[in-house]
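Taking it in order: structure first as structure tokens, then the write-up.
Throughout, read-outs are computed from the coordinates displayed, never taken from laboratory work. In this text the structure is predicted, and so the values were computed from the model without any measurement. Glycine gets a Cβ as well: all are built from the backbone with ideal geometry, and neighbour counts include every protein chain shown.
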Amino acid sequence: MIIRPRRLRKNKVIRDMAAETRLSPSMLVYPIFIREGKGIVEDIPAMPGQKRYSPDTFPRALEELEKTGVRSVLLFGIPEHKDECGSEAYNENGVVQQALREGKKYFPDICFIADVCMCEYTSHGHCGVLKGESVDNDPTLELLARTALSQAQAGADIVAPSDMMDGRVAAIRAKLDCAGMEDTLIFSYAVKYASAFYGPFREAAGSAPSFGDRKSYQMDPRNVREGVREAMLDIDEGADMIMVKPGLPYLDVLRAVSEISCVPVGAYCVSGEYSMIKAAAANGWLDEKRIIAETAVCLARGGADIIVTYFAPEMARMMKEGEL
Ligand code: PBG
């Protein structure tokens, strides 16, 4: 036998030398939930290990996070008051805007990404304003753009629209540029599916739609070509980075999108993926550490330059310790 592939798997040093996928904490983004109030640090039952913070306790979370080597966070807001048009999303003193100011003050070197969407802020839980039972695309664009601008002005380095309205990247870019915020990046959830894997998030953020579902704006899980089209559109509209979401169940989409993309591509390993692993590990059915490591590797191998995950602190620690 001339060719023996096993030679390259002989020991750890050789395996590490031959590895096709390499990971670094710089690729990780950690999502954090911010709710209105003071002195709050509370558990999220559907996502064991994850917490909701109020703007004043949020810097404590950042202090812990910095020690792990994670440098970027993605913020979601949970307002006290919701209304038809989600006005707390673009309130300059809204919960995310407050958290951004607090966070930036103490941790100017952390990269703050703000999720731009209406669903946590609307009384009906849909990602925009309604016309009858349906989300009205074009009037929603102005509200999303206002939200992004208020976040950028509060200190967001990057805004991340997750609403799936058509044309929102262009609308946000125009609004930011008009206000002199041309250096704020847009990390668009370009390829976001209507997925049941968001279940635990909707409990965490109280953002489940009060009627119907999101299938008329989020993508159909049966489609890949459509994902490539969404990615190309957002890049054309000025997205600096794009994202595929969910993560592991959509690696084929991630691969297809990363092959055509000329901007960095992220994968969002969502709440359901997190909670499934946590539940199985709690029952002793899976080795949690090894699953976390394999998840990171698979997403990177699938084409992700950036990984958004609730496992970011654990992943970063494992990367630093050479376990990943
Ligand atoms: C807001 C938003 C959602 C997620 C990210 N941004 C929820 C949804 O679309 O219903 C899901 C993230 C997760 O499940 O971890 N639109």
Open item on the list: Under the 0.36 nm per residue contour assumption, what length would be gained going from the current alpha-carbon distance of Glu259 and Glu64 to full extension?
Closed with: 66.6 nm
Task: Nearest 10 degrees, 0 to 90: helix 251-260 Cα axis against the chain principal axis - done: 80 degrees
Task: Added length on full extension, which subtracts the Cα-Cα distance from 0.36 nm per residue, Asp166 to Ala19 - done: 49.0 nm
Task: Nitroxide proxy distance, nm - points 7 Å out along Cα→Cβ at Lys105 and Ala194 - done: 4.3 nm
Task: Those trypsin sites (Lys or Arg not before Pro) in the stretch 1-89 that DSSP places in a loop and that have at most 14 other beta carbons within 10 Å - done: Lys10, Arg22, Lys38
Open item on the list: Students often get this wrong, so check it: of Lys105/Lys289; Lys38/Lys289; Lys215/Lys278; Lys245/Lys320, which have C-alpha atoms separated by over 31 Å?
Closed with: Lys105/Lys289; Lys38/Lys289
TODO: Would you mind computing, in nm to one decimal, how far apart the modelled labels at Asp83 and Asp252 are, each placed 7 Å from Cα along Cα→Cβ?
DONE: 4.6 nm
Task: Cβ-derived FRET efficiency at R0 25 Å, Asp220 paired with Ser123, nearest 0.05 - done: 0.40
Task: Value of [θ]222 nm, deg cm²/dmol, for the chain, DSSP H segments ≥ 4, -39500 (n - 2.57) each, nearest 500 - done: -11500 deg cm²/dmol
- [ ] With a point put 7 Å past each Cα toward its Cβ, work out how far Asp305 is from Lys51 in nm, to one decimal.
- [x] 3.4 nm
- [ ] Please tell me the relative contact order of the chain in percent, rounded to the nearest whole number, where contacts are Cα pairs under 8 Å and at least six residues apart.
- [x] 18 percent
Open item on the list: Multiplying the sequence separation of Glu323 and Glu203 by 0.36 nm and subtracting their Cα-Cα distance, what value in nm do you get?
Closed with: 39.9 nm
Open item on the list: Just want the answer: with Cβ charges of +1 for Lys and Arg and -1 for Asp and Glu, which residue in Ala145, Val129, Val116 is farthest toward the dipole's positive end in the chain?
Closed with: Val116
Open item on the list: Just to verify a number: FRET efficiency for Ala279 and Ile2, C-beta to C-beta distance, R0 = 56 Å, to 0.05?
Closed with: 0.75
- [ ] Counting other beta carbons within 10 Å of each Cβ, put His126, His81 in order, fewest first.
- [x] His81, His126
Open item on the list: Using the crude model of +1 on Lys and Arg Cβ and -1 on Asp and Glu Cβ, and no other charge, please compute the dipole size for the stretch 26-320 relative to its Cα centre, in debye to 20.
Closed with: 740 debye
